[in-house]
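Heads up: the structure comes next, in structure tokens.
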Amino acid sequence: MNPRTADSRQQTAGKPRRRPAIRCLLSAVSMLLATIAAAQEPNNSTTEQPGHYIGVASCANSGCHGATTPLQATRIRQNEYFTWLHSDRHAGAYNVLFNNLSARIAKNMHLGKKAYQEKLCLDCHSTNVAPELISGRIDIEDGVQCETCHGPASGWRAEHAQQGWTHAQSVERGMIDMRDTRVRGHLCNSCHVGHDTKDVDHDLIASGHPFLAFELDNYTETMPPHWNPNDTHGVPAWAAGQAMAFRDSMTNLARHARGEKWPEFSDMSCYNCHHALKTSGWRQERGWPGRPGLPAWSPQRWAVLRLIVPASDRASLDEAVARVAANVSRMSRDAAPAAEDARKLIESSIPKIYARTWTADDVRPMIVALTSERDTDVHAAEQRALALQSLAAVLTRRDHKLAAGPLMKAIDALFADLKNRDDYDPARFGAKLDAVRAAL
């Protein structure tokens, strides 16, 4: 179970039925073109200018990444393209822009074009790059294709399969180093958390765009991954992903607080405003740290990370986060320097988080810690549930019997409770966290 399931059902409703057939046809054509291109490829293309996009056809040769099953002939699977095309949600990201929800968002945003024509939408739902950076065939119907994540391939595509060519050389010529979970987390965050040109802000959310929940390791596993398991999976990816998401969210907050549309309500807890008054008594029981009734900052990116940061860094980050929360709550532009201070602090802590060696013995205490805290913000609760699912997966990989046991059933119950965000009740969710801890 995963809270993104409900959102994805809503996003894919109304997809034109003709498009899957077109995609299969395009797949066959792409593979054919790739085979022809590979046969005509000169042995040495290092003269190609790095930084240009050449399209998925260059990856789809069955002897490269286009096999239909893992070949197990090299260190890679060689069916990466096939996995992406048939199983990865990124491949269908463009098609989402044709559904009724996307049309409604475009209408409410007063966009001049259809969602599938608007840069605002295409920047995250396709490989939307400037024409001068394209030297091959880029089809927006391919959605979020290989080069969106791995980087423009003109400088390394031909060379990276040559004997003696190293990963570092490819990175030097434009490949994005996805082996580094900090780099991968930051890249994923550019759409799933937001940055200066791609941001699911309150305008988009109010217009109907689903609120974005994201956790690097959890979403990697459900993508599904098209590479062999390694240290880019599991607890190291989870920990680095939490740190990078907080860092990038602080960058966004500082930008928002200096922008023309401040206050930016997507930085706050949605349930400051979107809640039924007849069931809001728990807010009065909880109280407020400052002036009663002020809107609260959403601790979505901090609630879990707080338990990951080294103990030596936690106090200073707690203080910095408190300043962020206070300034956002007062809708003060001082939130910008406060967010920058918090970003600098987590940046100094990230190398320690990245370098930490995690063992199975670390997982159970972390689950206990995560289930011992409570969230008044539903999005922080979602991050807690995603974290518990990622950590429990580490245990189930070691003991497959756990997959059908009470621990995973208790975690599934967390996601069932979060399915309707409008009905979130902190006490009820807390009781389900207790059940997870008891299942250990």
Legend entry - Calculated diffusion of the range 50-174, Stokes-Einstein form, Kirkwood radius summed over Cα pairs, 4 °C and 1.567 mPa s, µm²/s: 82
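I need the peptides 126-136, 259-269, 244-254 ranked by packing, meaning the mean over residues of other C-beta atoms within 10 angstrom, with the highest value on top. Working shown, then result.
On the way: 126-136: 14.6, 259-269: 17.6, 244-254: 24.2.
By packing density, highest mean first, the sequence is 244-254, 259-269, 126-136.
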Inset, instruction - Leaving ligands, DNA and RNA out of it, report the carbon-plus-sulfur percent of the accessible area of the chain at a 1.4 Å probe. - result: 55
Legend entry - Karplus-derived HN-Hα couplings along the range 152-168 (A = 6.51, B = -1.76, C = 1.60, θ = phi - 60°), whole Hz, x at Gly and Pro: x, 9, 4, x, 9, 4, 6, 7, 5, 9, 6, 4, x, 6, 9, 4, 4
Legend entry - Top of N189, N420, N327 by mean-square fluctuation, Gaussian network on the chain, Cα under 10 Å: N420
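What pairs from K107/K432; K198/K344; K401/K432; K107/K419; K107/K344 go past 32 Å between their alpha carbons? Show your work: numbers first, answer last.
Values: K107/K432 39 Å; K198/K344 22 Å; K401/K432 22 Å; K107/K419 27 Å; K107/K344 39 Å.
From the list (K107/K432; K198/K344; K401/K432; K107/K419; K107/K344), the Cα-Cα distance tops 32 Å for K107/K432; K107/K344.
What FRET efficiency comes out for D180 versus A438 if R0 is 41 angstrom and r is the Cβ-Cβ distance? Round to the nearest 0.05.
Values: r = 37 Å, r/R0 = 0.91.
Computed FRET efficiency for D180 and A438 comes out at 0.65.
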Inset, instruction - Evaluate Rg over Rh across the range 174-308, taking Cα atoms for both radii and Kirkwood's formula for Rh. - result: 1.02
Inset, instruction - Can you tell me the FRET efficiency between A404 and C149 if r is taken as the Cβ-Cβ distance and R0 is 22 Å, rounded to the nearest 0.05? - result: 0.05
Legend entry - Net length gained if the chain between D423 and D334 were fully extended (0.36 nm per residue, minus Cα distance): 28.7 nm
Inset, instruction - Run through all the Cα pairs of the range 335-440 and give the fraction in each 10 Å bin from 0, expressed as whole percent. - result: 13, 38, 29, 17, 2
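Rounded to the nearest 500, what is the chain's calculated 222 nm mean residue ellipticity when only DSSP H runs of at least 4 contribute -39500 (n - 2.57) each, over all residues? Show your work: numbers first, answer last.
Numbers: 18 runs with 223 residues, N = 440.
My calculation for the chain gives -16000 deg cm²/dmol from helical runs alone.
Would you mind working out the accessible area per residue for the chain, using a 1.4 Å probe, and quoting it in Å²?
Numbers: 21090 Å² over 440 residues.
About 48 Å² of surface per residue is accessible.
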Legend entry - Inverse of mean 1/r across different Cα pairs in the chain, Kirkwood, Å: 23.4
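The values are calculated or read from the model by the stated rules, or taken from the named source; none is laboratory data. These numbers were taken from a predicted model, which means no experiment stands behind them. Cβ atoms come from the backbone with ideal geometry, glycine included; neighbour counts cover every protein chain shown. Surface accessibility is based on the protein's heavy atoms, side chains included, excluding ligands, DNA and RNA. Shrake-Rupley method; radii C 1.70, N 1.55, O 1.52, S 1.80 Å.
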